[in-house]
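The values are calculated or read from the model by the stated rules, or taken from the named source; none is laboratory data. For clarity, every value in this text was computed on a predicted model and none was experimentally measured. Virtual Cβ from ideal backbone geometry, glycine too; neighbours counted across all protein chains shown. Calculation scope for accessible area: heavy atoms of the full protein, side chains included, ligands and nucleic acids excluded. Shrake-Rupley method; radii C 1.70, N 1.55, O 1.52, S 1.80 Å.
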Amino acid sequence: LETDPREDGAAYLINREEKLAETSVCVLVDRSNAEGSGSARWDVLPVSVPGQRIMHAKVSVLAWQRWIRVLVASANLTEPGYRKNQEIFGALDFRDEGEVPGAVLDQVLSFVEAVATLAPGSVAGQGPKTRLLALTRNLREIARPWTTTPPKRRESPEARPIFLGPLEGLRAPILTRLGQAMRDL
């Protein structure tokens, strides 16, 4: 956005609504923080994690016509989290002839889809869950023909997402999963 809500008031609201009208936005948020969040311009899916746990993942997927960026962050989706606090973000860029393999994007999208199963609502019809799953399918289709170019330097880092949670496939202890990732190198 080219405006600031504290300085530009109405101009910020107009700028925000114009940008949101151009895109599809869905936020998966722990149900305890979903009250009153939302807009006619974006979907909020309240997630209820079994066992009185909290959905605390901070993964953002941003997509353009020929580029998909995944952000993994420490910041909560709040004004302090994105405008005031000292936070950390990691970015993975996916594009044709990019260095990050498409399998990593597929793992991220699978995680988003798995978390979406914890939200109420049906995948039939035109609801927010349906729109989110259509978006993840669309992103896979966009990225499917992309090729990966190996990094030029041998010591370049390799991206290996390891998601945690009570969902099937995410339950193994973190040390076990990290050990397996190291053995796979």
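Against the conditions (1) closer than 22 Å to LEU45 by Cβ; (2) open to solvent by 70 Å² or more (accessible area, probe 1.4 Å); (3) not polar (S, T, N, Q), ASP184 satisfies every one except (1).
Quick grid of which residues meet (1) more than 19 Å from GLY165 (Cβ to Cβ); (2) assigned to a strand (DSSP E or B):
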| position | (1), (2) |
| --- | --- |
| ARG69 | yes, yes |
| TYR82 | yes, no |
| VAL100 | yes, no |
| ALA114 | no, no |
| VAL123 | yes, no |
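All of LEU139, LEU170 fail the test of being closer than 21 Å to VAL25 by Cβ and either at pLDDT 90 or above or assigned to a loop (DSSP other than H, G, I, E, B) (or both), apart from LEU139.
Against the definition (touching a Leu at 6+ places or on another chain (Cβ under 7 Å), among the basic types (Lys, Arg) and modelled with pLDDT under 90), how does ARG83 come out, yes or no?
It is false that ARG83 is touching a Leu at 6+ places or on another chain (Cβ under 7 Å), among the basic types (Lys, Arg) and modelled with pLDDT under 90.
The rows are residues; the columns are (1) in contact (Cβ under 8 Å) with a residue 24 or more places away in the chain; (2) surrounded by fewer than 17 Cβ atoms within 10 Å (Cβ to Cβ); (3) closer than 21 Å to ARG140 by Cα.
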| position | (1), (2), (3) |
| --- | --- |
| ARG53 | yes, yes, no |
| VAL70 | yes, no, yes |
| PRO80 | no, yes, no |
| ALA91 | no, yes, yes |
| PHE94 | yes, no, yes |
| GLU99 | yes, no, yes |
| LEU109 | yes, no, yes |
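Residues of the range 126-170 that are out of contact with any strand residue (DSSP E or B) (no Cβ under 9 Å at 6 or more places or on another chain), small (Gly, Ala, Ser) and open to solvent by less than 50 Å² (accessible area, probe 1.4 Å): ALA134, SER156.
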